[in-house]
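Reading through the structure tokens given below for one structure.
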Amino acid sequence: MQGKFLFEYAVIRVMPRVEREEFINVGIILFCAKQKFLKSVFFLDEKKIKAFSAEIDLEELKENLCAFERISVSAKGSGLIGQYDQASRFRWLTATRSTVVQCSKVHPGFCDDAEETLLRLHNELVL
């Protein structure tokens with residue numbers, strides 16, 4: 001296992017009607033402390049989401065997911081949460097909540113390159 005880095009990830013989900021517990025995977029958030037890496041990526045298949053829930057406001061959903069991305073990388077406009085250290089931002093973003101945008105449970109793994117692993121997981125679990 002030499003040369004491998006522990007990482008944690010969660011699947012970002014859209015759950016238009018929380019009470020039904022039905023969701024669509026739209027992104028991945030990945031944290032690797034040793035590589036000082038925290039990033040999230042998402043893709044919205046608007047046709048699929050509208051078929052799943054005609055009432056959902058796609059613009060509001062995009063804004064929420066973009067805020068999620070900004071907080072992940074501590075970008076300008078990410079507010080107070082965006083100023084936390086990486087581990088705290090990851091824990092805050094992946095905390096259990098009852099909202100339209102939610103995360104799966106956090107899963108661990110080992111990787112050589114966190115960015116490459118993020119994109120691979122996104123391709124496998126979202127696209």
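Quick notes
- Checked against (1) touching a residue at least 60 places away in the same chain (Cβ under 8 Å); (2) hydrophobic (A, V, I, L, M, F, W, C); (3) under 18 Å from residue 109 (Cβ atoms), residue 33 passes all but a single condition, namely (1).
- Selection within region 1-30: residues that are surrounded by fewer than 16 Cβ atoms within 10 Å (Cβ to Cβ) and acidic (Asp, Glu). The member of this set that is farthest from residue 108 (Cα to Cα) is 19.
- Looking only at region 11-39, residues that are farther than 21 Å from residue 50 by Cα and out of contact with any helix residue (DSSP H, G or I) (no Cβ under 8 Å at 6 or more places or on another chain) come to 1 in all.
- Residue in region 62-78 that is surrounded by the most Cβ atoms within 10 Å (Cβ to Cβ), counting only those that are hydrophobic (A, V, I, L, M, F, W, C) and part of a helix (DSSP H, G or I): 71
- Residue count for region 97-127, restricted to those that are among the hydrophobic types (A, V, I, L, M, F, W, C), surrounded by 10 or more Cβ atoms within 10 Å (Cβ to Cβ) and part of a loop (DSSP other than H, G, I, E, B): 3
- Residue 78 falls short on exactly one of the conditions (1) modelled with pLDDT of 95 or more; (2) among the polar types (S, T, N, Q); (3) farther than 28 Å from residue 19 by Cβ, and that condition is (1).
- Members of region 70-89 that are touching a Lys or Arg at 6+ places or on another chain (Cβ under 8 Å), over 18 Å from residue 35 (Cβ atoms) and not basic (Lys, Arg): 71, 77, 78, 81, 82
- Residue in region 79-96 that is nearest to the chain's Cα centre (by Cα), counting only those that are part of a loop (DSSP other than H, G, I, E, B) and either of a type in the set (Phe, Trp, Tyr) or closer than 26 Å to residue 125 by Cα (or both): 94
- Screening region 44-61 for residues that are part of a helix (DSSP H, G or I) and within 18 Å of residue 11 (Cβ to Cβ) and picking the one that is modelled with the highest pLDDT gives 61.
The values are calculated or read from the model by the stated rules, or taken from the named source; none is laboratory data. In this text the structure is predicted, and so the values were computed from the model without any measurement. Ideal geometry is used to build each Cβ from the backbone, glycine not excepted, and the neighbour counts take in all protein chains shown.
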